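The values are calculated or read from the model by the stated rules, or taken from the named source; none is laboratory data. Fair warning: this is a prediction, and the values are worked out from it, not measured in the lab. Here Cβ is always computed from backbone atoms with ideal geometry, including for glycine, and neighbour counts include all displayed protein chains.
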Amino acid sequence: MNRDRIEGNWKQVKGRIREQWGKLTDDHLNVIDGRRDRLLGQIQETYGIAKDEAEQQLQSWEKRNAQALDAVTRENAGQIGR
């Protein structure tokens, strides 16, 4: 999954992010606002982990969620055409 998919589908992605990183609050997610770099930094800060570890977790999450997020992207594209 690339940065555009996270940003473009932020409303749908927030729930999946909360499932993975439950310490992230709605306030955190509002500040992140779909930006991958902000998400990475917030994971680092909230969980007290190094940037490399946060990046590894985020990449792993992206791989696990790629298929579902692709479906959301296709669904959103269909709604735009209506």
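Odds and ends about this structure:
- Filter pass, I43 being modelled with pLDDT under 95, surrounded by 14 or more Cβ atoms within 10 Å (Cβ to Cβ), assigned to a helix (DSSP H, G or I) and among the β-branched types (V, I, T): no
- Checking each residue in the range 1-32 for being modelled with pLDDT under 95, in a loop (DSSP other than H, G, I, E, B) and surrounded by fewer than 13 Cβ atoms within 10 Å (Cβ to Cβ) picks out only N2.
- Considering the range 69-82, and only residues there that are at pLDDT 65 or above and surrounded by 13 or more Cβ atoms within 10 Å (Cβ to Cβ), the residue that is farthest from N9 (Cα to Cα) turns out to be D70.
- The range 31-48 residues that are free of Cβ contacts under 8 Å to residues at least 12 places away in the same chain, paired with ones that are small (G, A, S) and assigned to a helix (DSSP H, G or I) (beta carbon under 7 Å, 6 or more apart): Q44/A54
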